[in-house]
Amino acid sequence: MTALPVRPVPEPAPKPKRPIPARPQPIAAINIGSGDPLLLLHGFLLSPHCWEQVAARMAARCEVFAPALPGHWGGKPIDGPLDVRKLADEIERMLDEKGWRTCHIAGNSLGGWIGAELARRGRARTLTLIAPAGGWASPSLTQFRVGLKFLALVPFAEAGKRIGVRQMDNPVIRRLAGYALAKNAGRVGSRDASAAVHAVLQCAAMVPMLLGGIRHPALPELSTLTTPVRLLLAEYDRVIPNRVYARRYLNELPDSADRILVNGVGHVPMLEAPDRIATLIAEHVYASRSRLKAL
């Protein structure tokens, strides 16, 4: 009986490897587009990365400039304590270098506080405050509480530096970052969450800003602002909840200021709702041209 030839079993084709997304790199500033000058200011511990999606949407009609704050990832080095006035001084220097005597300003968290200071100095054509910080008396229990909240991040950041940024940039840590910054962490893209983790771990301004904030005077009376203002509050702000930290803005801003609660978003809404935030900024910018009220 003749043996039948044994045919070799073909090996399964190798599964195509998923491309490994490039790790976010430090950005000194985003500067894109043409048209009305628009300054975008990020929050404490973050970086210009958080504005990338909004900047891309605004670039068709605005020249967008989103710089890294001093001491933050991508920003210039700092020496000694830091406060809002020093940050505003540095942003003014950048505006002077660009030849922008005035511009439209949108700021998130600490960026909103800086934006209010720049508006007081006459540098703002319009001001959009997005979950702004600084709405507390100084000194006060509220100021102390928010300082403790950020102070609790110092050991985490120091441990992360020792472990290594690459090891800390994993799905679990990114998910935690997304939870802090957004209402729905799943709506924050992996690259955006990764950039937030990198920014926190490589922020040299963390302790200097906390030390400088102790001595920094309270935000001046907001009713004296003459710049058209739009206040955007995040419904699910886990960092500085509205019921405590937005009272001064709600009560003191001029009656002409827009007060809007953005539903279903967290403290950095640009990450989970860039279309809505870009639209709300754009409405305010364009309405100022003809002195119409944006609704």
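Quick notes
- Three-way shape label, the range 142-267, alpha-carbon gyration tensor, a/c 1.5: oblate
- Charge sum, other residues only, whose C-beta stays under 14 Å from residue 253's C-beta, Lys/Arg counted +1 and Asp/Glu -1: +1
- Pairs from the table (86/149; 86/183; 86/161; 161/183) lying more than 24 angstrom apart at Cα are 86/183; 86/161; 161/183.
- Taken as Cα centroids, the range 220-292 and the range 24-101 sit 19 Å apart, rounded to the nearest whole angstrom.
- Most mobile listed residue (129, 250, 151) in the chain, GNM with C-alpha springs under 10 Å: 151
- If the chain linking residue 56 and residue 187 were pulled fully straight, counting 0.36 nm for each residue of separation and taking away their Cα-Cα distance, it would gain 45.4 nm.
- Among 51, 100, 136, residue whose mean-square fluctuation peaks in a GNM of the chain (springs only between Cα atoms under 10 Å): 100
- Between 122, 134, 74, the GNM of the chain built on Cα springs shorter than 10 angstrom shows 122 fluctuating the most.
- Mean ellipticity per residue at 222 nm, deg cm²/dmol - from DSSP H runs of n ≥ 4 across the chain, formula -39500 (n - 2.57): -12000 deg cm²/dmol
- Distance histogram in 10 Å bins (all Cα pairs of the chain, percent per bin): 6, 28, 35, 18, 4, 2, 2, 2, 1, 1, 0
- Area projected by the alpha carbon convex hull of the range 84-208, averaged over all directions, nm²: 9.1 nm²
- The residues of the chain present an accessible area of 50 Å² per residue when probed at 1.4 Å with all protein chains retained.
- When you filter the trypsin sites (Lys or Arg not before Pro) in the range 90-189 for DSSP loop state and at most 14 other Cβ atoms inside 10 Å of their Cβ, you are left with 101, 121.
- For the chain, a crude dipole built from +1 on the beta carbon of Lys and Arg and -1 on the beta carbon of Asp and Glu, taken about the Cα centre, is about 560 debye to the nearest 20.
- For the range 163-174, 3J(HN,Hα) computed residue by residue from phi via the Karplus equation (6.51, -1.76, 1.60; θ = phi - 60°) reads 5, x, 4, 5, 5, 6, 7, 10, x, 5, 5, 4 Hz, glycine and proline entered as x.
- Simple label model, 7 Å out from Cα along Cβ direction - residue 166 to residue 154, nm: 3.0 nm
- Summed residue charge, Cβ within 11 Å of residue 136's Cβ, Lys/Arg positive, Asp/Glu negative: +3
- Efficiency of FRET between residue 243 and residue 214 - r from beta-carbon atoms, R0 25 angstrom, step 0.05: 0.55
- Residues of the range 76-105 with amide N under 17 Å of a point placed 7 Å along Cα→Cβ from residue 256: 103-105
- Distances between placed amide hydrogens fall under 5 Å for residue 125 paired with 103, 104, 105, all partners being 5 or more residues away or on another chain.
- Residue-by-residue Karplus 3J(HN,Hα) for the range 227-236, coefficients 6.51, -1.76, 1.60, Hz, glycine and proline x: 6, x, 10, 10, 9, 10, 9, 7, 4, 10
The values are calculated or read from the model by the stated rules, or taken from the named source; none is laboratory data. Small disclaimer: the values here were computed from a predicted structure and weren't measured. Quick reminder, even Gly has a Cβ in these numbers, built from the backbone with ideal geometry, and neighbours come from all protein chains shown. SASA here: full protein model, heavy atoms, side chains in, ligands and nucleic acids out. Shrake-Rupley method; radii C 1.70, N 1.55, O 1.52, S 1.80 Å.
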